[in-house]
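Enquirer: Pasting a structure here, questions to come.
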Amino acid sequence: MNDKTQHIVLKTEHLSIGYKTKKHETIIAANIAIELQKGELIGLVGANGIGKSTLLRTLTSVQKPLKGHVFINSKSVADYSPVELAKQMSLVLTEPIASKNLSIFELIALGRQPYTNWVGNLSEDDIVIINKAITQTNLEDLKHKKCFELSDGQLQKAMIARALAQDTDLIILDEPTTHLDMYHKAYILKLLQKLAKDTNKTILFSSHEIDLAIQLCDTMIVMTKENVVSNSPCNLISNGTFNTLFPKDLIAFDENTGNFRVKK
Amino acid sequence: MSNTSTYRFSFLVLVIVLLVCFFVNVSLGSVSIPTLEIFKSLIGDIDNESWQYIVQDYRLPKAFTAILVGSGLGISGLLMQTLFRNPLAGPFVLGISSGASLGVALVILGSGIFGGVFASLLISKWSVVIAASLGSFMVLLAVMIVSSRVRDTMAILIIGLMFGSITAAVVSVLSYFSSAEQLQQYIFWGFGSLGNLSWQELFIFFIIYSFGIVLSIASIKGLNTLLLGENYAKSLGLNLKQSRLVIIIATSLLAGTITAFAGPIAFIGLAIPHMTRQIFNTSNHKTLLPAVFLFGAIIMLICDSIAQLPTSDYTLPINAITSLIGAPVVIWLLLRKRKMMF
């Protein structure tokens, strides 16, 4: 896969993340170096409170880095206007949408907002892109249903379709599998894998489903207190990185099965 | 967003209903005038001069006022409900009516206390209108300064409520020191009134109202984006602070002028958007905005027709009628659908 290495969608340089108040800075992680390639599915894992959300917030320009830069398609995130950035990167967040009275089609159509005119009229091209997003996520039968009529799994698919309709090189999802049952967790992550391959988009998600991520991701970013490591799942296993994820008193990583086991 | 055309029929019906209501409203009043003569007076071809005067200088301006008030309050209610993602929000959540009340209270009630300066102004209609406008403008200014510093939209809601409490307290203090006659005058202002606006006043009302409507129309895209919530809206490239400011200014212009010219008219701003959502079954503001406009105007015309108790000499306070008619309708709609649309 040599051609892949030639196109880096997202890159960080000397990135330090954390919070700054007037008096002092709280550094959560320093010197983060991440490179996300085109068409890759990337899983971000780490224990609760380790700073996954802070990292995602910094990558998506919701909060400013303490030091360093985030580049998307070799341009610093800070240099993008809000609308330009919305054409580069789409988000799926953990928070529920404000109005559940939208139909699935309307919800997905809102993904075209960065491209539509002042009153939000959809062009024929917009409709084509929306329908493509609906097909890619198998939502054809549901597209006229209202959001409050959907299950959590269906709604998550609709949110992913909305991000697809935004037509960006990069899609970032914050814990897309929470609230879902085991089947739908696998279903959503499998869907993301397929979308990354079919559409050649870069898809980054944070998750606690480490075993599923190991099986499906091209690259994984592992956040621990000491550092942020990114590598292919196989290399991460053989390096023993997963053993550093959690405190060692309760669970241990089993290299043969690729998941965590409770200590007897 | 694609199904605007399917509502064409509903809109046509609403426009016809609006025209009918308008005509009925103009036809009814304490003096009964034959329907044919009403038609004639509308085109200015009538012999009876007093009928001509009643229709052209009293009933017509009142009917137009009703349309402006109903549509303006409905739209500002819709803007607030979407901005604050709260079905209980209405045009006055930002404390605009409280500001206006304070201004009016200062003129009516304060004239006794402060004497001199205010008393010489006399309590003419214009001084009430100016006081109400100044009052709502001061509150608007305060809310805008605060909202440019606050990141959380909910904080603006609470700050608006606080301004409301402060002004209500000042009004209480003023009331305590006022005479019964002044109190009565203030309470009558609080009942709201659509009548006694001259064409000239109506013209000024209409100009400010139009600015509010234009800003509302300009906010349609932003309002639709806000249906996803603020963080999603930002990720779609929406300039949140700017959109928020435009929405707040639009609401203030609409609710502020309406309160200044017609008094603090309750309920319509809260109820109309709910009725419209129930009937049109959509959250898309491209459909909702014109629908709320028509609905607001229709309901206000109906309420006013009832309030003037046709053929009697009495006119009920419009504020009482809007709630008496509106509240049961909203309850009925909610019971029928069993589902809150928002």
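Enquirer: Among the trypsin sites (Lys or Arg not before Pro) in the stretch A:164-254, which ones are in a DSSP loop with at most 14 other Cβ atoms within 10 Å of the Cβ? Mind listing them?
Expert: A:K225, A:K248
Enquirer: PRE reach from A:K248 (point 7 Å along Cα→Cβ): which of the stretch A:32-49 fall under 12 Å by backbone N?
Expert: It comes to no residues whatsoever.
Enquirer: Check every DSSP H run in chain B and write down those whose alpha carbon atoms cover 20 angstrom or more along the long axis and whose mean Kyte-Doolittle hydropathy is 0.0 or greater.
Expert: B:8-27, B:60-83, B:125-149, B:153-176, B:199-218, B:240-262, B:285-307, B:318-337
Enquirer: Continuing with the same structure: Which of B:N239, B:F206, B:T311 sits farthest toward the positive end of the charge dipole of the stretch B:14-317, with +1 on the Cβ of Lys and Arg and -1 on the Cβ of Asp and Glu?
Expert: Result: B:N239, furthest along the dipole toward the positive end.
Enquirer: Given +1 on the Cβ of Lys and Arg, -1 on the Cβ of Asp and Glu, and no further charges, what dipole in debye does the protein assembly as shown carry about its Cα centre, rounded to the nearest 20?
Expert: The dipole of the protein assembly as shown has a size of about 1180 debye.
Enquirer: Where nothing but the Cβ of Lys and Arg (+1) and of Asp and Glu (-1) is charged, how large is the charge dipole of the stretch B:14-317 around its Cα centre, in debye to the nearest 20?
Expert: That gives the stretch B:14-317 a dipole magnitude of about 1300 debye.
Enquirer: Which distance in nm do the two modelled labels at A:K132 and B:D57 give, with both placed 7 Å along the Cα-to-Cβ direction?
Expert: So the label points at A:K132 and B:D57 sit 6.7 nm apart.
Enquirer: Based on Cβ point charges of +1 for Lys and Arg and -1 for Asp and Glu, what charge dipole magnitude is obtained for chain A about its Cα centre, in debye rounded to the nearest 20?
Expert: Charge dipole, chain A, about its Cα centre: 620 debye, nearest 20.
Enquirer: Across the residues of A:102-112, average count of Cβ atoms on other protein chains within 10 Å?
Expert: Mean shielding count: 4.
Enquirer: Same structure, new question: If you line up the long axis of helix A:152-165 against the longest principal axis of chain A, both from Cα atoms, how many degrees apart are they, to the nearest 10?
Expert: Result, in degrees: 70.
Enquirer: Going by the alpha-carbon gyration tensor, a ≥ b ≥ c the square roots of its eigenvalues, is chain B rounded (a/c under 1.5) or, if a/c is not under 1.5, prolate (a/b greater than b/c) versus oblate?
Expert: Judged from the Cα gyration tensor, chain B comes out oblate (a/c at least 1.5, b/c at or above a/b).
Enquirer: Here's a follow-up. Return a single number: how many Lys pairs in the stretch B:14-317, at a sequence separation of 8 or more or on separate chains, have alpha-carbon atoms below 28 angstrom apart.
Expert: 7
Enquirer: For the pair A:N73 and B:L245, how long in nm is the line joining their label points, each one 7 Å along Cα→Cβ?
Expert: 2.9 nm
Enquirer: Figure the gain on full extension for A:T178 and A:D141 (residue separation times 0.36 nm, minus the Cα-Cα span) and round it to one decimal in nm.
Expert: Additional length available on full extension: 10.9 nm.
Enquirer: Going through the stretch A:1-69, which trypsin sites (Lys or Arg not before Pro) have at most 10 other Cβ atoms within 10 Å and a DSSP loop state?
Expert: Answer by residue number: A:K22, A:K23.
Enquirer: Given 0.36 nm per residue, what is the gain on full extension from B:W126 to B:S323 after removing their alpha carbon distance, in nm?
Expert: Taking B:W126 through B:S323 to full extension adds about 68.2 nm, to one decimal.
Enquirer: When the Kirkwood hydrodynamic radius is evaluated over all pairs of different C-alpha atoms of the protein assembly as shown, what value in angstrom, to one decimal, is obtained?
Expert: Mean inverse Cα-Cα distance, inverted, gives 27.4 Å.
Enquirer: Do you know the relative contact order of the stretch B:14-317, to the nearest whole percent, from alpha carbon pairs under 8 angstrom that are 6+ apart?
Expert: Value for the stretch B:14-317: 35 percent.
Enquirer: Give me the distance between the Cα centres of the stretch B:1-74 and the stretch B:157-230, rounded to whole Å.
Expert: The stretch B:1-74 and the stretch B:157-230 have Cα centres separated by 24 Å.
Enquirer: Still on this model: Amide H neighbours of A:D167 under 5 Å, counting only residues 5+ apart in sequence or on other chains, H built in-plane at 1.01 Å?
Expert: Distant-sequence amide H within range of A:D167: zero hits.
Enquirer: Using a Cα-Cα cut-off of under 27 Å, which lysines could be cross-linked to A:K263, ignoring same-chain neighbours fewer than 8 residues away?
Expert: Counting by Cα, and skipping residues close in sequence, A:K263 has these lysines nearby: A:K52, A:K185, A:K225, A:K248.
Enquirer: Can I ask one more? Could you tell me the extents of chain A's C-alpha atoms along the three principal axes, largest first, rounded to whole Å?
Expert: 54, 44, 43
Enquirer: What FRET efficiency comes out for B:W199 versus B:F39 if R0 is 22 angstrom and r is the Cβ-Cβ distance? Round to the nearest 0.05.
Expert: Rounded to the nearest 0.05, the efficiency is 0.60.
Enquirer: Angle, helix A:182-199 long axis vs. longest principal axis of chain A, Cα atoms, 0 to 90°, nearest 10?
Expert: Result, in degrees: 70.
Here, each number is a calculation from the coordinates, and none is a lab measurement. From a predicted model like this one, the values you see are computed outputs, not experimental measurements. Note that we place each Cβ from the backbone using ideal geometry, even for glycine, and neighbour counts take in every protein chain shown.
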